[in-house]
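The values are calculated or read from the model by the stated rules, or taken from the named source; none is laboratory data. What you see is a predicted model, and the numbers here were worked out from it, not measured in a lab. Reconstructed Cβ throughout: ideal geometry from the backbone, glycine too, with neighbour counts over all protein chains shown. SASA here: full protein model, heavy atoms, side chains in, ligands and nucleic acids out. Shrake-Rupley method; radii C 1.70, N 1.55, O 1.52, S 1.80 Å.
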Amino acid sequence: MKAKDIAEKEQIRFRFAAALDIALSESNIPSVRQLSINAKMEPAHLQRIYNGEVDLSLVSIISIIEGLEISNSQFFQYYDILSEKNIINFRKKLEKQKRKNLK
């Protein structure tokens, strides 16, 4: 695999995670943990997805979207309209959480 391909995959994973963050914030679901229950996924696995750390299968994507109780097209609208500012803000949010967890 070429380095560019790896970087592109990382960008897609992170973009998915940022879209997930926006969809979650606009839902009635209070946390990633609750979403993992709704999506019938292990909380640690969903947290890694939320952090943009793992590749997703189609089954995982559909489970997450169903857990959010929105349509596939609604979720991918979040993905499609992400701005660079959204991505930067999400990256800052994750870094802040990591610093908080280190304390």
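Some notes on this structure:
- Point-to-point label distance, E53-K93, nm (Cα→Cβ direction, 7 Å offset): 1.8 nm
- Taking a ≥ b ≥ c as the square roots of the eigenvalues of the Cα gyration tensor, an a/c ratio of 1.5 or more together with a/b no larger than b/c marks segment 1-48 as oblate.
- Solvent exposure of the chain as accessible area per residue, Å², 1.4 Å probe: 68 Å²
- Among the lysines of segment 18-103, pairs that are 8 or more positions apart or on different chains and have alpha carbons within less than 27 Å of each other number 9.
- For the chain, leaving out every one of the GluC sites (Glu not before Pro) that falls in a DSSP loop and has at most 16 other Cβ atoms within 10 Å, the longest unbroken run is 70-103.
- Theoretical FRET efficiency, 1/(1+(r/R0)^6), r = Cβ-Cβ of F76 and E10, R0 22 Å, to 0.05: 0.70
- Rg/Rh ratio calculated on Cα atoms of the chain (Kirkwood radius): 0.96
- The chain: most fluctuating residue of L35, L68, L58 per GNM, C-alpha cutoff 10 Å: L58
- Of all accessible heavy-atom area on the chain, the percent that carbon and sulfur account for (1.4 Å): 52 percent
- Whole-Hz Karplus values for segment 55-60 come out as 6, 10, 8, 4, 4, 5 Hz, taken residue by residue from phi with 6.51 cos²θ - 1.76 cosθ + 1.60 and θ = phi - 60°; glycine and proline positions read x.
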